[in-house]
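One structure is given below, encoded as structure tokens.
No value in this document is a laboratory result; all are computed from the given coordinates. Since this is a predicted model, take the numbers as computed values, not measurements. Note that we place each Cβ from the backbone using ideal geometry, even for glycine, and neighbour counts take in every protein chain shown.
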Amino acid sequence: MPVEQRSFLFLQGPLSPFFYELGRALRTAGCAAHRVNFCGGDVFYWPYGHTHCWRGHTYEWPQWVAGLMTAHKITDLVLMGDWRPLHHEAVWLARQRDMRVWVFEEGYLRPGYVTLEEGGVNAYSPLPQTPQAVRLRAAQLKDAELALPSCAPNPMLGRVLKTAWNHIANVLLWPFFFRYRTHRPYCIGKELLGLVPRYLTRKRRRWHGLAVTRQLLRRRVPFYFMPLQLDADAQVRRHSPFTGMLECMAQVVTNFARNAPKDAFLVFKNHPLDNGLRNYRRYMRSLARATGCSERLRFVEEVNYTSLCHRARAVVLCNSTLGISALRMGKAVYCLGQSIYAMPGLAVNAAQMPLDQFWNEPTVPDVGLLEDFLRVLRHDALVPGNFYSPSGVRDAVHASLERMGISPGKSA
């Protein structure tokens, strides 16, 4: 299709100007680009230029967005997270109309990349799902075609500030978007009840985490490592058998107590962006007393993921992208949920081996298959850059245009 005939519709994106800059670049290249703003934060990050404000009732959304698609001859739908409310319906309508659907997410590999796939991400990803398909696809790719990571900085402070501006804009424009409900399970007011105490106790938690880590490494005890995910993570709530991380922890601890070697420890690490509304440490202690393994469970925060992962006997997780990092370190990984890397030769899942058996027979990844899998990721699913720093946004915009088949004078 000629570039000038392509018309892009943007729904919600990351909490940054990334979608706005990508839309500007598309218009410069000769395409049309429209944006639906759902809340004040959306307006803040895409304030003008072909915007359409959605303020209606959920029941009216399918007809409204379908009308928008027809009126502006939309050919491509662009969004962040294909699981968000209202995104689901828009994706299904887009497929009914044979539109191309472009889905962004945080990078499967970090830092230096963001995820961009056509059709879906995570459990909805079109990536090959068997070792044979991975190897076949990797053999088709040339080294020059693989995306190299961006060197752009991506400081946590910048991300936090952009998130804060989003919430401020939501409050200021709430009367205009009074029907808006975030895709997250908690409103910002409730999240602050947990975030403020976490901020005030960060130094104490850091020292505790370092002390536990030093003790484990000094004693050279065998331990398994479980990094926790955010309780609101769609990976957990939609692509796993759990409704949240508490259920996941309960299954792992009870199974560990019954089946793991009796001299081994299990170390939980909290997510660095956890909002503090779930007291995972307290819950772990309750599970430990209930299962009789209090001496063998540990909980840490504010410590380096890599140092613990390197020394762990194996890694058990729900379906975090940290599983890919662990595989790259040569660690055996057990995935309790659905994930793009859970297949024979990479991470073990229930279809391959029960968790009961994994504690005693951890299976390390096939190095050759892992290299092929990473080749496929870098070509088919990742683009260099990030959503939050100016240079990272520029890199991601440029690479996204190429992935979408857009460049001056080029048809796709």
For the chain, take the longest principal axis of its alpha carbons; what is the angle in degrees between that and the long axis of helix 245-259, to the nearest 10 within 0 to 90? 30 degrees
Restricting to aspartates and glutamates and to Cα separations under 13 Å from Lys73, and discarding same-chain partners fewer than 8 apart, the set is Glu4, Asp98
Cα long-axis angle, helix 188-200 against the chain (0 to 90 degrees, to the nearest 10): 50 degrees
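Determine the percent antiparallel among the DSSP beta bridges restricted to the chain, to the nearest 5. Before the final figure, lay out the partial values.
Values: 8 of 39 bridges.
Here the antiparallel bridges make up roughly 20 percent for the chain.
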re the stretch 1-134: pairs of Cα atoms spaced beyond 24 Å account for a percent value of 29 percent
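Suppose only helical runs count, i.e. DSSP H with n ≥ 4. What mean residue ellipticity at 222 nm does that imply for the chain under -39500 (n - 2.57) per run, divided by all residues and rounded to the nearest 500 deg cm²/dmol?
Values: 16 runs with 173 residues, N = 412.
Taken over the chain, the calculation gives -12500 deg cm²/dmol.
Normalised radius of gyration for the stretch 221-299, please: alpha carbon Rg relative to 2.2 N^0.38 Å, two decimal places. Walk me through the numbers before you get to the answer.
Details: Rg = 12.4 Å, N = 79, 2.2 N^0.38 = 11.6 Å.
In units of the 2.2 N^0.38 Å rule of thumb, it is 1.07.
From the convex hull of the Cα coordinates of the stretch 102-235, what is the mean projected area in square nanometres? All intermediate terms of the calculation are to be shown ahead of the outcome.
On the way: hull surface 53.9 nm².
Quarter of the Cα hull surface area: 13.5 nm².
Can you tell me which of 199-205, 358-364 comes out highest on packing, and rank the rest after it, using the mean Cβ neighbours within 10 Å? Could you put the intermediate results ahead of the total?
Numbers: 199-205: 11.7, 358-364: 16.4.
In descending order of packing, they fall as 358-364, 199-205.
Using 0.36 nm per residue, how much length does the chain from Leu273 to Lys73 gain when fully extended, once their Cα-Cα distance is taken away? Provide the component values of the computation, followed by the final result.
On the way: separation 200, 0.36 × 200 = 72.00 nm, distance 3.96 nm.
Taking 0.36 nm per residue and subtracting the Cα distance, the gain is 68.0 nm.
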For the chain, take the longest principal axis of its alpha carbons; what is the angle in degrees between that and the long axis of helix 280-291, to the nearest 10 within 0 to 90? 40 degrees
Could you tell me the center-to-center distance, by alpha carbons, between the stretch 343-412 and the stretch 119-170 in angstrom? 6 Å
For Thr243 and Gln352, FRET efficiency with R0 = 30 Å and r from the beta-carbon atoms, rounded to 0.05? 0.80
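Which semi-axis lengths, in whole Å and largest first, follow from the square roots of five times the eigenvalues of the Cα gyration tensor of the stretch 15-78? Could you put the intermediate results ahead of the total?
Working: eigenvalues 81, 54, 12 Å².
For the stretch 15-78, the ellipsoid semi-axes come out as 20, 16, 8 Å.
Assuming R0 = 25 Å, can you tell me the calculated FRET efficiency for the pair Arg289 and Ala211, based on Cβ-Cβ distance, to the nearest 0.05? Show your work: numbers first, answer last.
Values: r = 22 Å, r/R0 = 0.87.
For R0 = 25 Å, the calculated efficiency reads 0.70.
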In whole angstrom, how far apart do the alpha carbon centroids of the stretch 45-77 and the stretch 95-112 sit? 19 Å
May I ask you to work out the translational diffusion coefficient for the stretch 223-372 at 10 °C, viscosity 1.306 mPa s, via Stokes-Einstein with Rh from the Kirkwood sum over Cα pairs, reported in whole µm²/s? 104 µm²/s
FRET efficiency estimate (nearest 0.05) - Cβ-Cβ, Leu200 to Tyr305, R0 30 angstrom: 0.80
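Could you grab the Rg to Rh ratio for the chain? Cα atoms only, Kirkwood for Rh. Write down the numbers at each step before the final one.
Values: Rg = 22.3 Å, Rh = 22.8 Å.
Taking Rg over the Kirkwood Rh, I get 0.98.
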